[in-house]
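J.: Okay, here's the structure, questions in a sec.
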Protein chains: 2
Amino acid sequence: MAETSDGPLAGLRVIDLTRVLSGPFCTMILGDLGADVVKIEPPKGDPVRVQGTMTEGHSGYFAGFNRNKRSVVLDLYTDDGKAVLRRLLADADVLVENFRPGTLDKLGLGEAALEELNPRLIVASINGYGSVGPYVDRPAFDFIAQAMSGFMGVNGEPDGPPMRAAAPVSDLVAGVYAALGILAAVLGREKTGKGQTVEVAMVNGLISLMAYLSSEYFATDTVPERTGNDHPLVYPYGLFLCSDGQIAVANSHDQILRRFLDTLDLGWIMSDPRYDSNPKRMAAREELRETINGRMAGQSQQHWLDVLNAAGVPCGVVQDLHQVFTDPQVMAQQMVIKVPFQEGPFIRTVGFPIKLGGTPCTVNRPVPRLGGGTREVLREIGLSDNEIADLIGRNVAAG
Amino acid sequence: MAETSDGPLAGLRVIDLTRVLSGPFCTMILGDLGADVVKIEPPKGDPVRVQGTMTEGHSGYFAGFNRNKRSVVLDLYTDDGKAVLRRLLADADVLVENFRPGTLDKLGLGEAALEELNPRLIVASINGYGSVGPYVDRPAFDFIAQAMSGFMGVNGEPDGPPMRAAAPVSDLVAGVYAALGILAAVLGREKTGKGQTVEVAMVNGLISLMAYLSSEYFATDTVPERTGNDHPLVYPYGLFLCSDGQIAVANSHDQILRRFLDTLDLGWIMSDPRYDSNPKRMAAREELRETINGRMAGQSQQHWLDVLNAAGVPCGVVQDLHQVFTDPQVMAQQMVIKVPFQEGPFIRTVGFPIKLGGTPCTVNRPVPRLGGGTREVLREIGLSDNEIADLIGRNVAAG
């Protein structure tokens with residue numbers, strides 16, 4: 001593990017006031033790309049440190065969001081804690097926070113104060129609904145953002161309830177967008193010499209992913225219906241049953257559908273007058289499902305995956321996480337990596353989704369113990385060992 | 001509409017060979033942030049141009065992924081078309097493509113050729129599974145990426161099938177990650193003077209969003225179960241029935257749950273010996289659901305949203321897209337914007353999820369007509385009007 005990073009963001013100092021999910025995901029990505037991320041934690045630490053199943057006393061959930069960071073404990077309810085934070089910010093490139101709107105102001109770090117302190121500072125905020133509008137003061141949470149954004153309303157069976165995604169997509173998508181906005185602002189600063197604010201709301205992030213569902217709504221003023229795993233406009237498409245389980249097949253247009261049916265020796269379907277157009281096939285959905293399942297039941301998932309992929313038909317298994325994290329492709333992509341805790345064990349986490357050919361993402365720093373970087377970081381901003389000992393003695397800092 | 005952009009990426013030239021979803025989403029975000037995006041299209045155009053409901057002959061689906069770009073038509077099956085592309089790339093900062101791995105090589109634009117042509121060029125690829133590993137040649141599609149990544153397997157009711165998200169999340173998340181990787185590479189280039197490759201796979205992007213589902217799997221070797229809209233570890237949590245419809249409530253920990261139950265005048269639940277711990281409440285799920293629904297049925301959604309949000313309980317309506325796109329908060333966040341087609345009508349599209357305080361995202365360029373930028377862009381790289389007319393006359397270019 002390199003002590004310093006060769007990543008593309010090496011030298012970019014990020015002061016990270018975030019906790020839980022959206023913010024820590026944002027700053028971890030910046031750290032993966034080489035930024036120097038200083039995670040400021042309250043004396044009790046990020047609540048995720050004690051969540052999830054522990055491995056030798058360490059939270060894997062926390063590890064999944066906090067590799068490549070140093071932890072500095074500061075009590076921001078004290079004036080001295082705030083003074084140290086200001087000193088850190090005077091020298092930093094980026095501040096990231098995911099408090100409710102208005103909290104930075106209460107810390108004496110409103111927009112004007114930060115601009116005076118460091119006009120080059122980029123100030124990134126991640127929140128639920130945004131800092132302007134009637135819902136600004138509402139508490140936010142992934143499940144609620146999924147509901148309010150329209151994302152959840154289109155998921156699920158036509159005759160069933162709207163269905164959330166189990167993964168906290170609104171948090172994580174907001175985190176990725178925030179990292180992107182931060183880098184854009186860093187590039188912009190090279191022209192203007194000035195920082196600026198970057199804000200991403202969880203609800204807005206999910207709204208931006210609605211793709212043709214939103215464009216069709218805008219074009220027709222008609223609300224899309226839930227269609228389960230079937231495609232709203234095309235059939236056959238969806239899950240089909242092999243001898244040992246289902247596979248997902250995406251016959252997104254006629255050319256692929258022909259390959260699919262030919263591979264199944266069901267090519268006649270496309271010229272049968274009952275099924276020779278997509279509208280007819282949509283109307284005969286249940287009949288066709290039975291015909292196709294009847295044929296697929298004769299062979300295993302693996303058989304159909306092999307022959308259909310070879311024929312150019314997009315298909316796959318609905319993998320559970322054990323299958324995912326032992327899948328040869330996922331392994332070849334190094335999407336499982338071992339990461340150390342500072343003074344603790346190595347554990348598995350998800351790897352890097354961004355693959356850079358020249359300066360790849362790496363693990364430069366372990367998952368920090370609470371306050372594990374306090375002394376080092378405070379020394380870097382010019383505090384003497386005596387000053388640091390004094391702050392720690394008065395519980396303003398810890399580490 | 002400004003002719004040129006003041007955005008943070010102004011001056012960054014992106015040559016965009018992508019089509020359909022993941023790539024065009026990536027480059028649209030770069031364009032929204034001010035980059036100069038040149039979309040290279042084959043003579044027939046991006047297939048999305050003719051998909052979805054048309055407004056005065058224009059596809060809103062296409063608009064949702066292609067504002068802030070110029071369109072140049074080049075036939076890359078011709079040597080002259082390839083030569084023009086090479087000339088564009090010699091002068092560009094970024095190339096983005098979402099072909100299957102290996103296609104660039106076939107165009108004579110493999111990694112070595114591109115490095116020789118322009119060592120500062122950043123070459124970004126978006127694909128299904130990545131360019132290394134046993135599934136490299138498999139066709140990819142959002143539905144299949146949702147299945148293979150584990151994302152779909154955890155969504156849905158415990159006794160129902162795995163459930164895809166209706167929105168094409170794997171495409172769009174990959175697009176956002178690619179934009180982020182590109183900007184990281186641009187920043188890295190300022191230190192090294194050299195470009196590099198950036199690759200994002202749809203499956204990897206979704207795997208990275210699994211959060212505690214993956215960390216719990218790594219810690220326990222146990223596969224998470226589907227839990228529908230309920231939280232796997234906490235109850236009460238989920239959808240509850242008011243007099244006029246459901247609301248989503250996220251009582252993610254005891255402190256919030258107390259606020260929720262107190263607001264409902266059901267505070268006794270937390271001290272009733274049948275329900276005084278979360279495990280007991282999990283076991284008594286159905287009883288509690290009935291008790292809570294019984295109370296909530298006495299008032300409307302709006303009543304409960306008002307009093308619960310005021311009490312600090314995260315809650316919301318499962319909005320359909322009509323509700324979303326008329327929601328006062330969504331409007332205040334300008335998440336619906338009107339965008340013009342080049343020589344066509346204005347239509348509504350989704351707004352910008354990244355809010356920059358200093359140099360905000362803007363619509364600098366309309367949704368281009370096919371080849372609408374051919375002459376202008378080819379002039380910019382030094383072709384004479386005669387040369388351009390010749391290329392158009394021989395159907396190598398069009399516009």
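J.: Partner chain Cβ atoms within 10 Å, averaged over the residues of A:31-44 - can you pull that number for me?
T.: On the way: counts 0, 1, 7, 3, 2, 0, 0, 0, 0, 0, 0, 0, 0, 0.
Average neighbour count from other chains, rounded to a whole number: 1.
J.: Counting alpha carbon pairs within less than 8 Å and at least 6 residues apart, what relative contact order, in whole percent, applies to chain B? The partial results should precede the final answer.
T.: On the way: 698 pairs, mean separation 82.7, N = 399.
Over chain B, the number comes to 21 percent.
J.: So what does the Cα-only Debye profile of the range A:238-320 read at q = 0.14, 0.19 Å⁻¹, as log10 I(q)/I(0), no solvent term?
T.: The computed values of log10 I(q)/I(0) come out as -0.42, -0.79.
J.: Would you give the gap between the C-alpha center of the range A:346-378 and the C-alpha center of the range B:139-160, rounded to a whole Å?
T.: 29
J.: Put a dot 7 Å past each Cα toward the Cβ at residue A:253 and residue B:44; how far apart are the dots in nm?
T.: Calculated label separation equals 0.6 nm.
J.: If you don't mind, another one. What FRET efficiency do you get for residue B:190 and residue A:86 if R0 is 30 Å and r is their Cβ-Cβ distance, rounded to the nearest 0.05?
T.: According to the calculation, E is roughly 0.60.
J.: Accessible area per residue, 1.4 Å probe, Å², for the range A:1-156: what's the number? Each step should come with its number before you reach the end.
T.: On the way: 5360 Å² over 156 residues.
Value returned for the range A:1-156: 34 Å² of accessible area per residue.
J.: What number, in nm² with one decimal, is the all-direction average of the projected area of the convex hull of the alpha-carbon atoms of the protein assembly as shown?
T.: 33.8
J.: Over the range A:1-139, consider all pairs of different Cα atoms and compute the Kirkwood hydrodynamic radius from their mean reciprocal separation; express it in Å, one decimal.
T.: In the range A:1-139 this quantity evaluates to 15.8 Å.
J.: Continuing with this model, one more query. Could you state the accessible area per residue of the range A:238-320 in Å², with a 1.4 Å probe and every protein chain left in place?
T.: Values: 3680 Å² over 83 residues.
Ligands and nucleic acids excluded, the figure is 44 Å² per residue.
J.: Among the residues of the range A:276-325, which ones have their accessible area go down by 50 Å² or more when all the protein chains sit together, as opposed to their chain alone (1.4 Å probe)?
T.: Correct list: A:309, A:314, A:318, A:319, A:321, A:325.
J.: Right, here's the next one. Let me know the Rg and Dmax you get for the range B:213-266 when you use only its Cα atoms, in Å.
T.: 14.3, 43
J.: How far, in nm, would the chain grow between residue B:77 and residue B:334 when pulled straight, counting 0.36 nm per residue and subtracting the alpha carbon separation? Working shown, then result.
T.: On the way: separation 257, 0.36 × 257 = 92.52 nm, distance 4.20 nm.
In short, 88.3 nm is gained.
J.: Hey, another quick one. Quick one: which residues, 5+ away or cross-chain, put their amide H under 5 Å from the amide H of residue A:123? H built at 1.01 Å from N.
T.: Placed amide hydrogens put A:95, A:196, A:197, A:198 under 5 Å from residue A:123.
J.: Which of B:274, B:369, B:19 moves the most in a Gaussian network model of chain B with Cα springs under 10 Å?
T.: B:274
J.: What FRET efficiency do you get for residue B:116 and residue B:283 if R0 is 51 Å and r is their Cβ-Cβ distance, rounded to the nearest 0.05?
T.: Values: r = 67 Å, r/R0 = 1.32.
The pair residue B:116/residue B:283 has a calculated efficiency of 0.15.
J.: With a point put 7 Å past each Cα toward its Cβ, work out how far residue B:103 is from residue A:303 in nm, to one decimal.
T.: That separation, rounded to one decimal, is 3.3 nm.
J.: Going down the table (A:191/B:39; A:44/A:338; A:194/B:191), which pairs top 22 Å between alpha carbons? Write out the running numbers ahead of the final one.
T.: Working: A:191/B:39 25 Å; A:44/A:338 26 Å; A:194/B:191 20 Å.
A:191/B:39; A:44/A:338, as the Cα separations exceed 22 Å there.
J.: Kindly identify residues of the range B:346-388 having a loss of at least 40 Å² in accessible area between the isolated chain and the assembly of all protein chains, probe radius 1.4 Å.
T.: B:348, B:350, B:353, B:354, B:355, B:356
J.: PRE reach from residue B:265 (point 7 Å along Cα→Cβ): which of the range B:285-302 fall under 12 Å by backbone N?
T.: B:295-296, B:298-299
J.: Computed on protein heavy atoms with a 1.4 Å probe, what is the summed buried accessible area for the chain pair B and A, in Å² to the nearest 100? Don't jump to the answer; show the numbers that get you there.
T.: Values: alone 20240 and 20270 Å², together 29200 Å².
Approximately 11300 Å² gets buried when B meets A.
J.: In the calculated pair distance distribution of the range B:272-399, what percentage of Cα-Cα distances lie above 19 Å?
T.: Numbers: 5934 of 8128 pairs.
Result: 73 percent of Cα pairs exceed 19 Å.
J.: Another question, then. Rounded to a whole number, what % of the accessible area of the protein assembly as shown do carbon and sulfur atoms account for, probe 1.4 Å?
T.: 51
J.: Do the sum for the protein assembly as shown: with -39,500 (n - 2.57) for every DSSP H run of n ≥ 4, divided by all residues, what is the mean residue ellipticity at 222 nm, to the nearest 500 deg cm²/dmol? Kindly include the intermediate steps, with their values, before the conclusion.
T.: On the way: 34 runs with 302 residues, N = 798.
That comes out to -10500 deg cm²/dmol.
J.: Below 8 Å between Cα atoms, with a sequence gap of 6+, how large is the relative contact order for the range B:238-323 in percent? The partial results should precede the final answer.
T.: Details: 96 pairs, mean separation 39.9, N = 86.
Relative contact order here is 46 percent.
J.: Still on this structure, please answer the following. Find every distance from the label point of residue B:241 to the corresponding label point in the other copies (7 Å from Cα along Cα→Cβ) and write them in nm, one decimal, shortest first.
T.: So the label point of residue B:241 gives 3.0 nm to the other copies.
J.: Provide the FRET efficiency to the nearest 0.05 for the residue B:233-residue B:323 pair, computing r from the beta carbons and using R0 = 25 Å.
T.: Details: r = 30 Å, r/R0 = 1.19.
So, using R0 = 25 Å, E works out to roughly 0.25.
J.: Same structure, new question: Starting from the Cα gyration tensor of chain A, take the square roots of the eigenvalues, sort them a ≥ b ≥ c, and report rounded, prolate or oblate (rounded when a/c is under 1.5, otherwise prolate if a/b is larger than b/c, else oblate).
T.: Prolate shape, in that a/c is at least 1.5 and a/b is the bigger ratio.
J.: Give me the one-decimal Kirkwood hydrodynamic radius in Å for the range B:261-300, with the sum taken over alpha-carbon pairs. Before the final figure, lay out the partial values.
T.: Values: mean 1/r = 0.0956 Å⁻¹.
Hydrodynamic radius (Kirkwood, Cα only) of the range B:261-300 equals 10.5 Å.
J.: Continuing with this model, one more query. At 1.4 Å probe size, put B:326, B:55 in order of accessible surface, largest to smallest.
T.: Details: B:326 75, B:55 40 Å².
The most accessible residue leads, giving B:326, B:55.
The values are calculated or read from the model by the stated rules, or taken from the named source; none is laboratory data. Here the structure is a predicted model, which is why all the values come from computation and not from measurement. Please note: Cβ atoms are built from the backbone with ideal geometry, for glycine as well, and neighbour counts cover all protein chains shown. With ligands, DNA and RNA removed, areas are computed over all heavy atoms of the protein, side chains included. Shrake-Rupley method; radii C 1.70, N 1.55, O 1.52, S 1.80 Å.
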